[in-house]
Amino acid sequence: MSDVVVEKLARHWGTTKALDGVSFKVEAGSFAVLLGPSGCGKSTLLRLIAGLESPTGGSIRIAGQDVTGLPPAKRGIAMVFQSYALFPHLSVAQNICFGLEVRHVDAAERKRRLERAAELLGLGKLLDRKPSQLSGGQQQRVALGRAIVAQAPVCLMDEPLSNLDAQLRHEMRLEIRELQRRLSMTMIYVTHDQVEAMTMADQVVLLRDGKIEQDAAPDALYAHPATIFAARFIGTPPMNVVDLDDEGRIADAPGGAGALGVRPEDIVVVPIETPGAVQARVESIEYLGADTLVAARKGAGRLVARVPGKAKIEAGAAIGLAWTQEAQHIFDNRTGRRVADPPA
Amino acid sequence: MSKARATIYGWLLLGPAFVLLAAFTHWPAIATLYHSFHSTARRNRPSVYVGLDNYQGMIDDPVFWQALINNFWYAVGTIPVSIGLALLMALWVNEKLAGRTWLRLAYFTPTVLPMIAVANIWLFFYTPDYGLFDQIRGLFGLRATNWLGEPGTVLGCLIVMTIWKEAGFFMIFYLAALQSMPPNLAEAAAIEGCGRWTFFRRVTFPLLMPTTLFVLVNAVIGAFRMVDHVVALTAGGPNNASMLLLVMIYDVAFRYWDVAYAATLTVVLLAILGTVALIQFVVLEKRIHYR
Ligand SMILES: Nc1ncnc2c1ncn2[C@@H]1O[C@H](COP(=O)(O)OP(=O)(O)O)[C@@H](O)[C@H]1O
Ligand SMILES: [Mg+2]
């Protein structure tokens with residue numbers, strides 16, 4: 001089992017700072033997700049860890065050993081590419097065993113590992129097929145198989161599910177997590193999909209413009225977002241963030257030193273005359289089945305509430321919105337950072 | 001669209017190309033076959049059916065055998081080397097090195113040059129005494145050689161020039177194929193610790209097989225279609241030492257005006273090319289992976 005420690009890692013291309021001084025640690029045997037919008041430097045970071053790209057600054061340690069200058073093959077990693085990178089002229093079995101052959105693993109051991117991987121991934125009947133004769137999900141499994149048989153302590157994956165349909169993505173999410181546990185690999189998994197991050201990760205490293213926005217467990221990230229960006233990136237629909245005026249009330253005009261964040265599921269719709277309730281006018285209603293999203297305007301802010309079942313509210317109606325003290329997140333509007341935790 | 005209408009549309013779309021192809025390729029081919037079984041029409045002596053006489057005459061003609069053997073060595077000398085060189089250059093030019101655009105251009109230049117210009121350049125290289133090769137040899141005190149005038153060297157001279165011209169052309173096809181290969185494959189292999197040679201042997205080369213087949217077919221056809229440079233440089237001489245099949249056909253047809261014999265030789269040339277192409281497609285197709 002190997003931990004991965006990244007320190008002040010940077011990769012610049014001319015004036016583009018794809019990665020700008022990133023430090024974090026992934027514990028041995030845990031599942032870390034590198035999360036962030038497209039272009040924030042996730043792939044660059046993963047490729048630096050893999051050794052496919054060389055950093056302009058900083059260091060990488062795997063299992064205590066500085067691997068910053070080592071070639072990919074010497075780092076004890078396996079990698080699954082977004083496009084799978086299967087060899088089109090080789091059969092499934094040959095694809096899976098390619099690395100073992102190159103590393104001169106003997107034939108009996110190769111066969112043993114191939115059989116195990118095929119069993120784990122349900123590839124038994126497909127071993128003689130060519131990649132072009134497989135569906136996207138099956139190709140994905142072959143790519144996983146190639147990573148598994150390497151028995152590398154660290155496994156890197158770059159958006160491995162983004163080419164699959166929603167149903168398959170859901171199944172593979174569970175399956176990859178299960179495999180990672182069973183084989184007790186250290187996993188570093190890149191995605192732009194916050195649902196994947198929340199459901200799979202032990203640790204989420206949220207990136208933005210080549211810097212770390214927040215590095216925390218999924219529940220901590222959800223409950224205590226460190227910045228407005230983190231708050232709005234996690235959760236569907238995202239957290240409501242509205243500007244506050246000098247008295248700490250929701251501002252009538254945009255701008256203001258502070259911002260208030262409340263998650264839609266923390267807001268309840270109450271009669272307008274309820275004491276302490278925020279009075280707002282309903283702008284739109286979105287019925288989702290299990291619940292309804294009610295979007296209402298208050299001053300310059302727009303608040304979305306998630307109401308269970310089908311809400312009996314009309315657009316244009318005046319309603320009261322209420323939430324508890326604990327559900328409030330206060331941010332500094334200039335820095336974008338969290339200022340105070342709600343009192344516990 | 002109904003099936004019948006789709007068929008009509010299909011034929012209509014194919015029509016123009018098919019008419020042109022039939023008029024200028026298929027029909028002449030059949031006419032050539034016809035002529036090869038007839039005598040050449042001369043004044044007062046119209047063409048008559050002569051059966052296999054023309055073929056018999058060909059088999060008895062030492063120049064034909066010489067041209068055939070020359071052409072064989074010419075093909076053997078040019079094809080593997082120019083393809084191998086093309087592949088090497090393509091692999092090199094595909095690397096991320098400074099000035100690679102210029103390098104690619106430089107390799108491709110021989111292909112762009114007009115044939116007569118190429119012949120002229122090489123005529124200078126091969127000139128006895130003050131030609132490029134002899135000047136270099138002169139530096140080492142070696143005596144002048146009449147490269148194109150000696151039966152022993154002339155075919156080699158043609159081979160060298162052809163390799164120089166063809167390698168850059170074939171390189172373009174390899175380069176295009178290499179550039180369409182996803183870089184992820186090399187990265188996936190690098191993570192497994194696969195060396196450059198192993199990667200080439202196990203991945204790059206097999207994936208280039210369709211290109212190799214294509215280039216090979218073209219090279220073979222090219223080797224038997226060679227005429228212009230020979231006419232410009234040696235006209236098949238000295239003593240038929242650089243006589244190739246197509247040069248001979250040209251001579252027979254347009255210098256001696258022996259249409260029937262030229263047709264006979266053409267039929268043989270077509271048969272050779274057809275057989276080679278067929279063998280290549282049947283044999284290699286089995287071993288090639290097509291995406
Ligand atoms: N080879 C490269 N040359 C120049 N810029 C690059 C290169 N690779 C990535 N970048 C830039 O680095 C930034 C991060 O890219 P990437 O890591 O691929 O983002 P992500 O995977 O998060 O979508 C992008 O702005 C991208 O344009
Ligand atoms: Mg990416």
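The values are calculated or read from the model by the stated rules, or taken from the named source; none is laboratory data. Computed from a predicted model, the values in this text were never measured in an experiment. As a convention, Cβ positions derive from the backbone with ideal geometry for all residues, glycine included, and neighbour counts pool all protein chains shown.
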>> Can you tell me how many residues within the range A:109-141 are surrounded by 15 or more Cβ atoms within 10 Å (Cβ to Cβ) and in a loop (DSSP other than H, G, I, E, B)?
In response: 5
> Just checking, how many residues over the range B:141-152 are surrounded by fewer than 17 Cβ atoms within 10 Å (Cβ to Cβ) and within 17 Å of B:Phe125 (Cα to Cα)?
Replying inline: 6
> Checking B:Leu91 against (1) aliphatic (A, V, I, L, M); (2) modelled with pLDDT of 90 or more; (3) within 30 Å of B:Gly237 (Cβ to Cβ), which test does it fail?
Replying inline: (3)
>> If I filter the range A:69-86 down to residues being more than 13 Å from ligand 2 (Cβ to nearest atom) and assigned to a loop (DSSP other than H, G, I, E, B), which single residue comes out as nearest to A:Ser162 (Cα to Cα)?
In response: A:Tyr84
> Across the range A:64-79, which residue is nearest to the other protein chains (Cβ to nearest Cβ) among those that are more than 24 Å from the chain's Cα centre (by Cα) and small (Gly, Ala, Ser)?
Replying inline: A:Ala73
> So A:Lys25 fits all but one of (1) outside any helix (DSSP H, G or I); (2) of a type in the set (Lys, Arg); (3) within 16 Å of ligand 2 (Cβ to nearest atom); what number is the exception?
Replying inline: (3)
>> Looking only at residues that are hydroxyl-bearing (Ser, Thr, Tyr) and within 16 Å of ligand 2 (Cβ to nearest atom) in the range A:33-68, which one is surrounded by the most Cβ atoms within 10 Å (Cβ to Cβ)?
In response: A:Thr44
>> Quick check on my filter: what residues within the range A:159-190 are touching a Leu at 6+ places or on another chain (Cβ under 6 Å) and not charged (D, E, K, R)?
In response: A:Met172, A:Ile188, A:Val190
>> Any residue at all in the range A:46-55 that's farther than 24 Å from A:Leu183 by Cβ and either acidic (Asp, Glu) or more than 16 Å from ligand 1 (Cβ to nearest atom) (or both)?
In response: yes
> Among (1) outside any helix (DSSP H, G or I); (2) within 13 Å of chain A (Cβ to nearest Cβ); (3) of a type in the set (A, V, I, L, M), where does B:Ala235 come up short?
Replying inline: (2)
> What's the number of the condition A:Gly58 fails, among (1) within 16 Å of ligand 1 (Cβ to nearest atom); (2) under 24 Å from B:Gly195 (Cβ atoms); (3) not in a loop (DSSP other than H, G, I, E, B)?
Replying inline: (2)
> Got a sec? Which of A:Ala197, A:Ala226 is within 16 Å of ligand 2 (Cβ to nearest atom), surrounded by 19 or more Cβ atoms within 10 Å (Cβ to Cβ) and of a type in the set (Gly, Ala, Ser)?
Replying inline: A:Ala197
> Hey, among A:Leu100, A:Leu86, which residue is crowded, with 22+ Cβ neighbours inside 10 Å and modelled with pLDDT of 90 or more?
Replying inline: A:Leu86
>> So A:Ile96 ticks every box in (1) outside any loop (DSSP other than H, G, I, E, B); (2) within 16 Å of ligand 2 (Cβ to nearest atom) but one. Which box is left unticked?
In response: (2)
>> Could you tell me how many of the residues in the range B:167-215 are among the polar types (S, T, N, Q) and away from chain A (no Cβ under 14 Å)?
In response: 1
>> Given the criterion more than 10 Å from every other protein chain (Cβ to nearest Cβ) and either under 20 Å from A:Asp158 (Cβ atoms) or of a type outside the set (D, E, K, R) (or both), identify the matching residue among A:Leu86, A:Leu90, A:Leu100, A:Leu126.
In response: A:Leu126
>> Just the residues that are buried (at least 16 other Cβ atoms within 10 Å of the Cβ) and assigned to a helix (DSSP H, G or I), please, taken from the range B:176-197.
In response: B:Ala177, B:Leu178, B:Asn184, B:Leu185, B:Ala186, B:Glu187, B:Ala188, B:Ala189, B:Ala190, B:Ile191
>> Looking at the structure I just gave you, is A:Arg334 of a type in the set (D, E, K, R), within 24 Å of A:Phe233 (Cα to Cα) and in a loop (DSSP other than H, G, I, E, B)?
In response: yes
> In the range A:16-45, how many residues are of a type in the set (D, E, K, R) and more than 10 Å from ligand 1 (Cβ to nearest atom)?
Replying inline: 3
> Counting just the residues of the range A:200-220 that are acidic (Asp, Glu) and either away from ligand 2 (no atom under 16 Å from the Cβ) or within 8 Å of the chain's Cα centre (by Cα) (or both), which one comes out surrounded by the most Cβ atoms within 10 Å (Cβ to Cβ)?
Replying inline: A:Glu213
>> Condition check: assigned to a loop (DSSP other than H, G, I, E, B), of a type in the set (Asp, Glu) and free of Cβ contacts under 8 Å to residues at least 40 places away in the same chain. Does B:Asp129 satisfy that?
In response: yes
>> Is it the case, given these coordinates, that A:Val5 is within 15 Å of ligand 1 (Cβ to nearest atom), in a strand (DSSP E or B) and either closer than 21 Å to A:Arg208 by Cβ or within 20 Å of the chain's Cα centre (by Cα) (or both)?
In response: no
>> Any residue in the range B:71-92 that is farther than 22 Å from B:Leu103 by Cα sitting within a Cβ distance under 6 Å of a residue that is of a type in the set (S, T, N, Q) and buried (at least 18 other Cβ atoms within 10 Å of the Cβ)? List the pairs, counting only those 6 or more apart or interchain.
In response: B:Thr78/B:Thr162
>> When you scan the range A:142-160, do you find a residue that is touching a Lys or Arg at 6+ places or on another chain (Cβ under 9 Å), in a helix (DSSP H, G or I) and away from every other protein chain (no Cβ under 14 Å), even just one?
In response: no
